[in-house]
Amino acid sequence: GDGINDAPALKKADIGVALGSGTEVAKETSDLILLNDSFSIIVAAVEEGRAILDNIRKVITYLISDSFTEVILISTSIIAGLPLPITAVQILWINLIEDGLPDIALAFEPKEKDLMKQKPNGHNVSLLTSEMKTIIFIIGLITDLILLGLFFWLWNQNHNINYIRTIIFACLTIDSIFYVFSCKSLRKNLWHINPFSNKYLLGAFVVGFLMLVLAIYIPGLQTLLKTTPLNFNDWLIILGIGIINLVLIEATKWYFITRHKT
């Protein structure tokens, strides 16, 4: 609308749109103002809004799944009467140093090409969708089962607790910086997207891996984080677990994608 008589309708509408050439009353009442009176701006605004919502959901999925994994891992160890598999300082390092840059980088994820082909969402659609909840649960469950199994096995082998915690610390970090690429799209599998499209995410991946190496091999950080140097075989195990976890997460996404299509 553009006139005074349109103000009640603009106020009542879900999204009131006023023309830039319209009256002040119409513009003050509306939610969106077309400065150049071009309706094509509405399409661009809808696309931008969908992209923002999409990226918010990606960041939420990434952060909550990581935190859920840590909570279950610590809780299970306490219930089983075993030493903590990871210390509080190591958790802070993962959450602030390792996860900080990737979740910021996800906010700059380029818009997916099929955004405008999606069905519109209603007012009551939750920010946390059922697919997101399941993916978060599956990521946490898969990661916890693998890491708990590894922790119990290393503990039964009578390894030093700091060595065990270093392995678990490295596994959690590798899992985080690996599966962030799965979060690039919650509707497409990794092999259907360009994993190198977000230069910020690639930079965050490199920085995260370098910070992990520094945390394990720099003496000052070893003292702070209670880590010990790892050998080549240890890294093979850590990287192998990260790849297995990534494959299982993509399999979970594939299930939801195919079910949604049918």
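The values are calculated or read from the model by the stated rules, or taken from the named source; none is laboratory data. Since this is a predicted model, take the numbers as computed values, not measurements. All Cβ positions, glycine included, derive from the backbone under ideal geometry; neighbour counts span all protein chains shown. All accessible areas refer to the heavy atoms of the entire protein, side chains included, with ligands and DNA or RNA removed. Shrake-Rupley method; radii C 1.70, N 1.55, O 1.52, S 1.80 Å.
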State whether the residues of the stretch 126-139 include one that is among the basic types (Lys, Arg), part of a helix (DSSP H, G or I) and over 15 Å from the mean Cα position of the chain (by Cα). no
Filter the stretch 210-220 down to the residues that are loosely packed, with under 15 Cβ neighbours inside 10 Å and in contact (Cβ under 8 Å) with a residue 12 or more places away in the chain and list them by number. Tyr217
Sort out which residues of the stretch 192-202 are surrounded by fewer than 18 Cβ atoms within 10 Å (Cβ to Cβ) and modelled with pLDDT of 90 or more, and write them in order of number. Lys199, Tyr200, Leu202
Of all residues in the stretch 20-30, how many are of a type outside the set (Lys, Arg) and open to solvent by 40 Å² or more (accessible area, probe 1.4 Å)? 5
Applying the selection to the stretch 36-87, what residues are open to solvent by 50 Å² or more (accessible area, probe 1.4 Å), part of a helix (DSSP H, G or I) and of a type in the set (D, E, K, R)? Glu47, Glu48, Arg50
Lys226 vs. criteria closer than 19 Å to Glu70 by Cβ, surrounded by fewer than 17 Cβ atoms within 10 Å (Cβ to Cβ) and charged (D, E, K, R): yes
Filter the stretch 154-191 down to the residues that are polar (S, T, N, Q) and farther than 18 Å from Val71 by Cα, then identify the one that is surrounded by the most Cβ atoms within 10 Å (Cβ to Cβ). Ser182
Report every pair of residues separated by at least 6 positions or lying on different chains whose Cβ atoms are under 6 Å apart, first residue within the stretch 19-41 and touching a residue at least 12 places away in the same chain (Cβ under 8 Å), second open to solvent by 50 Å² or more (accessible area, probe 1.4 Å) and not in a loop (DSSP other than H, G, I, E, B). Gly20/Ile33; Thr23/Ile4; Val25/Ile4; Thr29/Lys11; Leu34/Ile41
Output the residues belonging to the stretch 230-262 that are open to solvent by 40 Å² or more (accessible area, probe 1.4 Å), among the aliphatic types (A, V, I, L, M) and either touching a residue at least 24 places away in the same chain (Cβ under 8 Å) or touching a Leu at 6+ places or on another chain (Cβ under 6 Å) (or both). Ile237, Leu239, Ile243, Ile244, Leu248
Restricting to the stretch 102-153, count the residues that are closer than 18 Å to Phe256 by Cβ, small (Gly, Ala, Ser) and surrounded by 11 or more Cβ atoms within 10 Å (Cβ to Cβ). 1
